[in-house]
Each structure stands twice: as C-alpha cells, then as structure tokens.
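K.L.:
First the structure, which I've put down as structure tokens, then a few questions once you've had a look.
The values are calculated or read from the model by the stated rules, or taken from the named source; none is laboratory data. A quick note: this is a predicted structure, and the numbers were derived from the prediction, not measured. Backbone-built Cβ (ideal geometry, glycine too); neighbour counts: all protein chains shown.
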Amino acid sequence: MSPTRLLLAPMATLSHEALRRTIERFGGCDEYYTEMIHAPSLITGGKFEHWYLKTGPCPEKIVWQLTGGEPEPIAKAAEMVADIGGLGIDINMGCCAPEIRKQGAGISWMLKPIAETAALLREVRSVIDGNTRLAGSSPLRLSIKIRLGSDDFTEEGLLTFTRMAVDEGVTQIVLHPRTKSEKFRRTPRWEWVQRLSEELPIPVIGNGNITGITSASAAMSAAPDSAGIMIGRTAVSSPWIFRELKNGDREQNPERLDLLEIGTQFLDDLMVYQPQEFHKTRAQRFFSFFCDHLTYAQYLRVKIANAPSASEIRTIFSAYFDEVPENRFYSA
Ligand SMILES: Cc1cc2nc3c(=O)[nH]c(=O)nc-3n(C[C@H](O)[C@H](O)[C@H](O)COP(=O)(O)O)c2cc1C
C-alpha cells in the first residue's frame, strides 16, 4: 500500500491520551482526533472537562473534535482549545446517536438549512483566525467530519454542502461514507470519498471498516485521490495498525507482540491520564475491542464487563494469560 496520511478517529470514551500513548508505542499516526468534546459542557467548566483537554503525547498532532447544537458554545469552545494549540479543530457533523441529534448536533448540521451551518462555520473560522496565541504561526486548521447525509441524500446536495464548507474556510473533510441510518454492518461507500476528492480543492479523508492492509488497499483503489485514511475501532483492537499500514506486508517477518504487556501499559496510562471516575468504564470499552485477538474473547469480555473496578479488570486480564498462555503473543 502506498503511504498516505493516517488518522486516529474521534471515538467517545476511547480516543484519549492513554490510547494515543498506546498507539505511539508502535510509531503513532499523523493526526489524533480527540473524542468528541461537548462544547456547552466545556465552556461551563464541568468537573471532568479539563481531562478532555489533555494533548499528550503529541500535542502538535491533536485535532479537537467539538460537538454541540448551537454556534455560540461551539465558537467559545473553539476559542478555548485554540488557546491550547494543536493541529486543528473539527466539528462533528456525522454522529447519528439519538442523544446527539436531539441537541441539534452531529449529523443535524448536515440536515439543517444550509445557511445555519454556514453561519456556524463562519463563526468558528473567525474565532480561529482571530486567535493570536501563537503570533506568527498559522492558525489551527478547521475541518468537519461528515457522513453522506440523510438516507435519500443526493450527489448535488452533498456537493453543495461540502462546497459551502470550503467557502466558509474548512480545509479538510473526513467522510464516513454511510448515510444517517446506515450501521457498521453496511459496507462504506468509498466511491463517494473519491467523488469528493475529485470535486473539492481540499484534502478529503475516508473512514470506515479499515481493518488491515487488504481493506486499506481496497479503499485506496476505490478512492485513489483521497488524502488519507482515518481508523477507529481497529486502532483500539490493534493499536499497531498504523505501523502495519506504513510498513506494508510483514508476512515474511512478523513481529511478536506481547498482548499482556500492551494491555497492562494501557491500564497504567489510563490511571494517569483519565479521572478515577472513568477508569472502570473506559477500561471496559478498550478491552471490548482489544480482546478481539484472543481465542476466548467473548468469555473475557463478559468477565471484564462485570468487573467491579479497573484494578479487578487488570487482574482478570492478566489471569486470562495464565489460563491461555498461548494467546499472550500475537504475530503481526
Ligand atoms: C465507540 C465509538 C465512539 C465514537 N465516537 C465518535 C465521536 O465522538 N465523534 C465522531 O465523529 N465519530 C465517532 N465515532 C465514529 C468513528 O469516528 C468512525 O467514524 C466509525 O467508527 C467508523 O470507523 P471505523 O470503521 O474505522 O471504526 C465513534 C465510533 C465508535 C465505535
């Protein structure tokens, strides 16, 4: 596979510093989108909000993903994160979860009258451009992460929407090429990543169902003009995926990965970079994906899901390899 830009997807409860550190141990990726940050909560200074502002271990690769249903809190939140720095600010315009849509956030921005979304982008762009924190350096990039739109979306509608975004100062688009109600089972339509890449004068990144070299190569063949690939779930189950894609086929010389060590180091980081109140649930979420490589994955997932604490999760995870030692090392 030819080298291309590789991005970690924003994933609520997963795309935090402990995961980024885990990925960095394998050489990292080019951009780390944060989990979505709820703009109204951030600006009112909720108890946990400062945890969402962590930028390690690569502050220069951070892309802040903001979510909200109104322009004002999003613009204020943009001002706050622009003060911290990073690579860019992304507005979540693709999330279809009912609680997000109810707020007028996520994919609602693709479905509202286009002038409302244009006004939001204009406001955020002007906040970013007006940020003088780093005098002389270029302002943060503004990007959006979108889907195809509603289930009856049209090419004309998608192009009108994305051209509007470009006109309002968006300089990167990530397309998760599924419609509003299409679930993960539905094959993502990478041909639309190609279509936008051909039509827009800015980088277009594709996202969806990349699990290894084969699927990445197929995506790149379907969208040869795209600027890169964003990976979500596989970056949790296989934090070495970016290195695998960069290095190409290692079949001749696979590396032996110590899954016990990787999982344990992740837990160590989780204790440091997340608040105590989140340790258990975030460990559970991580291991629900990371267990994928194990023979008795479902057995372990259930045990971890029922664990009363993060320290118990550590014990359960480690004990698994006493029971099934042949699972400890994984060749990739
Ligand atoms: C647990 C989970 C949380 C997610 N949270 C977000 C989010 O905060 N913002 C967002 O734009 N997309 C979110 N997504 C969607 C992912 O960014 C990505 O578009 C989707 O998982 C498809 O990519 P993948 O097949 O590589 O996982 C989430 C996905 C998952 C599985």
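K.L.:
Looking only at region 299-309, decide whether some residue is modelled with pLDDT under 95 and surrounded by fewer than 18 Cβ atoms within 10 Å (Cβ to Cβ). Lay out the reasoning, then the answer.
P.N.:
The initial filter retains those residues of region 299-309 that are modelled with pLDDT under 95, namely none.
There is no residue in region 299-309 that is modelled with pLDDT under 95 and surrounded by fewer than 18 Cβ atoms within 10 Å (Cβ to Cβ).
K.L.:
As an exercise: evaluate ALA97 against (1) within 21 Å of TYR52 (Cβ to Cβ); (2) in contact with a helix residue (DSSP H, G or I) (Cβ under 9 Å, 6 or more places away or on another chain); (3) without any contact (Cβ under 8 Å) to a residue 40 or more places away in the chain and give the number of the one condition it does not meet.
P.N.:
Status for ALA97: all satisfied but (2).
K.L.:
If I ask for residues that are assigned to a loop (DSSP other than H, G, I, E, B) and surrounded by 17 or more Cβ atoms within 10 Å (Cβ to Cβ), which ones from region 36-56 would you list?
P.N.:
First, pick out the residues of region 36-56 that are assigned to a loop (DSSP other than H, G, I, E, B): 36, 44-48, 54-56.
Result: MET36, LYS54, THR55.
K.L.:
Quick check, is ARG243 within 15 Å of the ligand (Cβ to nearest atom) and among the basic types (Lys, Arg)?
P.N.:
On the way: within 15 Å of the ligand (Cβ to nearest atom): no; among the basic types (Lys, Arg): yes.
So ARG243 does not fit the description; no.
K.L.:
Out of (1) buried (at least 23 other Cβ atoms within 10 Å of the Cβ); (2) within 13 Å of the ligand (Cβ to nearest atom), what's the single condition that is false for ALA165?
P.N.:
(2)
K.L.:
Residue check: is THR211 touching a helix residue (DSSP H, G or I) at 6+ places or on another chain (Cβ under 6 Å), more than 18 Å from MET93 (Cα to Cα) and β-branched (Val, Ile, Thr)? Even if it seems obvious, please write down each step before you answer.
P.N.:
Numbers: touching a helix residue (DSSP H, G or I) at 6+ places or on another chain (Cβ under 6 Å): yes; more than 18 Å from MET93 (Cα to Cα): yes; β-branched (Val, Ile, Thr): yes.
Criteria met by THR211.
K.L.:
Any residue in region 57-73 that's over 20 Å from TYR273 (Cα atoms) and assigned by TED's automatic domain parsing to the domain that holds SER41: show its pairings with residues that are of a type in the set (Asp, Glu) and not in a strand (DSSP E or B) at Cβ separation under 7 Å, as long as the two are six or more apart or on different chains.
P.N.:
Filtered contacts from region 57-73: PRO71/GLU123.
K.L.:
Another question, if that's okay. Does at least one position in region 266-279 carry a residue that is in contact (Cβ under 8 Å) with a residue 24 or more places away in the chain and either touching a Pro at 6+ places or on another chain (Cβ under 6 Å) or of a type in the set (Gly, Ala, Ser) (or both)?
P.N.:
no
K.L.:
Oh, and also: Just need a number here: residues in region 83-125 that are more than 11 Å from the ligand (Cβ to nearest atom) and not in a loop (DSSP other than H, G, I, E, B). Write out each step before concluding.
P.N.:
Taking region 83-125 as the starting set, the residues that turn out to be more than 11 Å from the ligand (Cβ to nearest atom) are 83-89, 98-99, 101-104, 108-125.
Still in the list and also not in a loop (DSSP other than H, G, I, E, B): 83-84, 88-89, 98-99, 101-102, 108-111, 114-125.
Here the count works out to 24.
Yes or no, residue by residue, for (1) farther than 23 Å from PHE26 by Cβ; (2) away from the ligand (no atom under 16 Å from the Cβ):
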{"site": "THR264", "(1), (2)": "no, yes"}
{"site": "GLN276", "(1), (2)": "yes, yes"}
{"site": "PHE289", "(1), (2)": "no, no"}
{"site": "TYR296", "(1), (2)": "yes, yes"}
{"site": "ILE304", "(1), (2)": "no, no"}
{"site": "ARG314", "(1), (2)": "no, yes"}
{"site": "PHE321", "(1), (2)": "no, yes"}
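K.L.:
Out of all the residues in region 222-231, is one or more away from the ligand (no atom under 16 Å from the Cβ) and in contact (Cβ under 8 Å) with a residue 40 or more places away in the chain? Don't jump to the end; show me each part of the working.
P.N.:
As a first pass, look at region 222-231 and keep what is away from the ligand (no atom under 16 Å from the Cβ): 224-225, 227.
Keeping just the survivors that are in contact (Cβ under 8 Å) with a residue 40 or more places away in the chain gives 227.
Within region 222-231, one or more residues are away from the ligand (no atom under 16 Å from the Cβ) and in contact (Cβ under 8 Å) with a residue 40 or more places away in the chain.
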